[in-house]
1. Quick test for you: out of B:Pro329, B:Pro324, pick the one residue that is within 14 Å of chain A (Cβ to nearest Cβ), surrounded by fewer than 23 Cβ atoms within 10 Å (Cβ to Cβ), away from ligand 3 (no atom under 16 Å from the Cβ) and not aliphatic (A, V, I, L, M).
2. Does B:Asp532 qualify as being away from every other protein chain (no Cβ under 11 Å), closer than 20 Å to B:Gly621 by Cβ, away from ligand 1 (no atom under 16 Å from the Cβ) and out of contact with any Leu (no Cβ under 8 Å at 6 or more places or on another chain)?
3. Kindly provide the set of residues from the stretch A:138-174 that are closer than 22 Å to B:Asp575 by Cα, within 8 Å of chain B (Cβ to nearest Cβ) and not polar (S, T, N, Q), ordered by number.
4. Out of the helices (runs of 4 or more DSSP H) lying entirely within the stretch B:60-154, which hold 3 or more residues that are in contact with an Asp or Glu (Cβ under 6 Å, 6 or more places away or on another chain) and surrounded by 17 or more Cβ atoms within 10 Å (Cβ to Cβ)?
5. Which residues, taken from the stretch B:152-195, are modelled with pLDDT of 85 or more and out of contact with any helix residue (DSSP H, G or I) (no Cβ under 9 Å at 6 or more places or on another chain)?
6. Tell me the helices (runs of 4 or more DSSP H) entirely within the stretch B:491-594 that contain at least 3 residues that are away from ligand 2 (no atom under 16 Å from the Cβ).
7. Do we find a residue being at the interface with another protein chain (Cβ under 7 Å from one of its Cβ atoms), within 15 Å of the chain's Cα centre (by Cα) and surrounded by fewer than 23 Cβ atoms within 10 Å (Cβ to Cβ) anywhere in the stretch A:175-192?
Amino acid sequence: MSELLFEDVTVRYGRLTAVDGVTLRVPAGGVLGLVGESGSGKSTLARAAVGLVPPAGGRILLDGEPVRAHGRHRPLQMVFQDPYSSLDPRMTIGETITEAIPPGMSRAQRRTEVARLLELVHLDPGRASAYPGQLSGGQRQRVALARAIAGRPRVVIADEITSALDVSIQGAILNLVRELQRELGLSILFISHNLAVVRYVADHVAIMLRGRVVEQGPAARVLSEPGHEYTRALLDAVPGHRLTARSAT
Amino acid sequence: MNRRTAHRWLRVLRTPMGRTAAALVLVVLVLAVVGPAPWNARADAVDTANILAGPSAQHWAGTDNLGRDIAFRVLEATRLSVGLALAATAIGVVAGLLLGTAPWLLGRRLGRLVTGAVQIAIAFPGLLLALFFAVVFGVGATGAALAIGLAGAPTFARLVQTLLAGVAARDFVAAARIAGVGRLRILVRHLLPNIAEPLVVNATIGAGGALLAFAGLSFLGLGVQAPSYDWGRLLYDGIGVLYVNPAAAIAPALAVLVAGLALNLLGESVAKGFGMDALVGLPASASPSPAAAAGPAQPAAERPADDAPDDVVLDVRDLTVSFPAAAGPIRPVRGVTFSIRRGEAVGVVGESGSGKSLTALAVSRLVDAAGRVDADRLHLLGTDLREGDSAAQRRLLGSSLAMVFQDPASSFNPTQRIGRQLAETSRHHHGLGRRAAFARAVDRLRAVRITDPDRRARQYPHEFSGGMRQRAMIGMGLMGSPALIVADEPTTALDVTVQRQVLDLLTAIRTSDAVALLLISHDVAVVSEVCDRVLVMYAGRIVEDLPTDRLTTGALHPYTRALTAAVPRMDSPLDRPLPVIPGRPVDPADVPPGCAYAARCPLASQRCRDEDPPLARHPSGHRVACWHARPEPAHAEAVRPASVVEAS
Ligand SMILES: Nc1ncnc2c1ncn2[C@@H]1O[C@H](COP(=O)(O)OP(=O)(O)OP(=O)(O)O)[C@@H](O)[C@H]1O
Ligand code: SF4
Ligand SMILES: [Mg+2]
């Protein structure tokens, strides 16, 4: 079990401050749900953690050590939002997943591992030779998920991974996320704008607005007694909220 | 090379220009390879009796000052000319690749240095650079090849840098980096394959340029030296005797022209055949204007439909979309029938791959060229859309149908101001003047609730937030007076608060102007907020067509119920897994004979596996395709499928 800690992290793109002194803790073996609108800095924070953007200030610590963002084995893996751009269109999905499998396996073992991972995300292992262009959006995201799990990470950062998935898969993925988290003792930073989704997987929730965290705490508390006005607006916008209201009247 | 790439190369060869250019290049290459052997003797045969003769039957282009046959010398020179041009191109490509990929490999600081150096080199005219290098490397063929090659390198390097930057920004590269794949390996495995096509095209065009440049250097006496000769050298000799025998200059000039042109044309036609999608990687279907797909005009089918009720906006019967595939055609949409009335909002829900998008694309005639669309009826406002591509049809689609896609970022051209892009559609379809069109664009931006539309219209897409872009996209659809808005996952890429705004906007437009809406979403909750009626799709079919208010309690199809139950809600119990639909959606390449849902359905019986249930009206009032259609049992778990009486 590993704890991921953001300590007063600031990230700038040129003059724009995308993340402004954020302190967050992804508890060991726990799930932190990070909610906020696009442009609020959620993804930037995630990219800083995996070393895709350098922080301008603060520290990112994995179990008290600075995160290693070099070398073949990376303890942090990330799943991206857009399944259309997160898979190389020129590689078969089998090759894509194989690339993320830690070295030291034989060819046959790797093939079995790919099949297992595909099965895990409810894809036909026979499709390992398909190109991303032959899959629909939802199928691609499942491949991206299999790739992240393939890396045997200690912390997984899931950036809006279900926002492009259809509900039946979303449910299966959310169940899968909970299952993996419990079985492998994974710590997960789960970024989403869908509060119903975050509520289901996360035990802690942080709300981000314009680069800052405006509210954080146990999921049950934040979602039932929001302390910030923006949290209330978010709760109000959950799809189906009105439907429930309508059928109640 | 995968199938799609092969397909595109074939497409290039099918155009007349592509074919001609390829044939010419082939001839030149064959000449370069086999040419010298049979003609060597004749090209070098000295005939002192026939010095500086004009064209004759024996010597087509006359002879030179030693009486050697010029026509044969030109043919013989093909090898050296083409060979040197190719060598120079190879030098340029290699140097360009090294310089172009250096920023990626060296990291940010060193990379910036290389980029800067390339920028400076590009500022010098190519010929000047070539002359400079020619002087540095000394007079002669090798020096000239190096000079021309290196002179072309900066331009090629910049092309590589630009293309690389585009691909490197995509998430799959980030994913590979996070997986610990090294930079060199990423370059070789992910980046280069994705930019190879434009590079090959550019190198081909570059070879044509190198050929011309070589002729130029040799002509100036800086290139090939006697006794060797290439076309430039022959041209130089020919110009000297221009007044005695003009053919001596014309023949090599012609050779340079033909070979150079052939290479250029080949490059151009390949570029055209691959289209912008090879360069940018945008899905072709992201084109916002259905009218963009122009074609030969055919007689208009403008007769209104016979028996369609007046207020039907869209009438689709037995719509099928199929694609060729290795093991016979697949049919992702298999006989879809529905209609939409004026001002009605119809939702389409279903899992990924169920054919929702293809149905929408077929309606707006945007299915890509490989696909085949068949229908018994496909009427928009009474006009048959199935056949032909007449101006009237295009105008109708352009002004009466608005399309909103999932990804607002790729729906706009990043290099043009928003207002201008909106205005464009109006100028295109309604013949408005520039001023009037722009004024309308501003007005439409205001209609989609973009604040300060005057200023916003003058901004570029990247200055808009995702939600604003999506609203602007809807605004673009409203430039005409659409009777139908087709929105394919319009809010999937947006946050909840923005999603709420866009959904509210769609509802407002619909109610105020009686615009019909076809809203596609995988999210039942989204659809049920906006729509009057929901079409549930499974494996390319509509399995249920029901009023929205029956979704939660009155659904008759087991799939509809499963889909509704799978949405996480703010009150889903946290202590057990979310209800999911077991198994996988059907692969369109492998559709079972009976009900496509049978493998996942808790109620499936033998009949379900044998016979495909038709979409028929159920006694409770709406259409459903299920042998065991019935209202939701009070306790789903308690029902045993075997006890169900078969409904007809
Ligand atoms: N150009 C194409 N060539 C071949 N097959 C295609 C093509 N476009 C789509 N398909 C296939 O058709 C099926 C239906 O695709 P479609 O895009 O309509 O699904 P969808 O319901 O919109 O899914 P999603 O919710 O993921 O967007 C899929 O199995 C897909 O793989
Ligand atoms: S027809 Fe049979 S298998 Fe198909 S949905 Fe109905 S009950 Fe299930
Ligand atoms: Mg779709």
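The values are calculated or read from the model by the stated rules, or taken from the named source; none is laboratory data. What you are looking at is a predicted structure, and each value in this text was computed from that prediction instead of being measured. Positions of Cβ are backbone-derived with ideal geometry, glycine not excepted, and every protein chain shown enters the neighbour counts.
1. Values: B:Pro329 fails: within 14 Å of chain A (Cβ to nearest Cβ).
Exactly one residue qualifies, and that residue is B:Pro324.
2. Details: away from every other protein chain (no Cβ under 11 Å): yes; closer than 20 Å to B:Gly621 by Cβ: yes; away from ligand 1 (no atom under 16 Å from the Cβ): yes; out of contact with any Leu (no Cβ under 8 Å at 6 or more places or on another chain): yes.
Yes.
3. If the condition is that a residue be closer than 22 Å to B:Asp575 by Cα, within 8 Å of chain B (Cβ to nearest Cβ) and not polar (S, T, N, Q), then A:Val167, A:Ile169, A:Gly171, A:Ala172, A:Leu174 are the ones that fit.
4. Values: elements: B:70-106, B:108-123, B:126-137.
Ranges flagged: B:70-106.
5. Matches in the stretch B:152-195: B:Val188, B:Pro193.
6. Details: elements: B:496-513, B:524-530, B:558-565.
The helices (runs of 4 or more DSSP H) meeting that bar are B:496-513, B:524-530.
7. Filtering the stretch A:175-192 for residues at the interface with another protein chain (Cβ under 7 Å from one of its Cβ atoms) gives A:175.
Going one step further and asking which of them are within 15 Å of the chain's Cα centre (by Cα), we end up with A:175.
Among the residues that remain, those that are also surrounded by fewer than 23 Cβ atoms within 10 Å (Cβ to Cβ) are: A:175.
Yes, the conditions are met somewhere in the stretch A:175-192.
Rundown of residues vs (1) crowded, with 21+ Cβ neighbours inside 10 Å; (2) out of contact with any strand residue (DSSP E or B) (no Cβ under 9 Å at 6 or more places or on another chain); (3) at negative phi, yes/no style:
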site: B:Leu397; (1), (2), (3): yes, no, yes
site: B:Phe405; (1), (2), (3): yes, no, yes
site: B:Phe412; (1), (2), (3): yes, yes, yes
site: B:Arg420; (1), (2), (3): no, yes, yes
site: B:Arg427; (1), (2), (3): no, yes, yes
site: B:Val448; (1), (2), (3): yes, yes, yes
site: B:Asp452; (1), (2), (3): no, yes, no
site: B:Gln459; (1), (2), (3): no, yes, yes
site: B:Glu463; (1), (2), (3): no, yes, yes
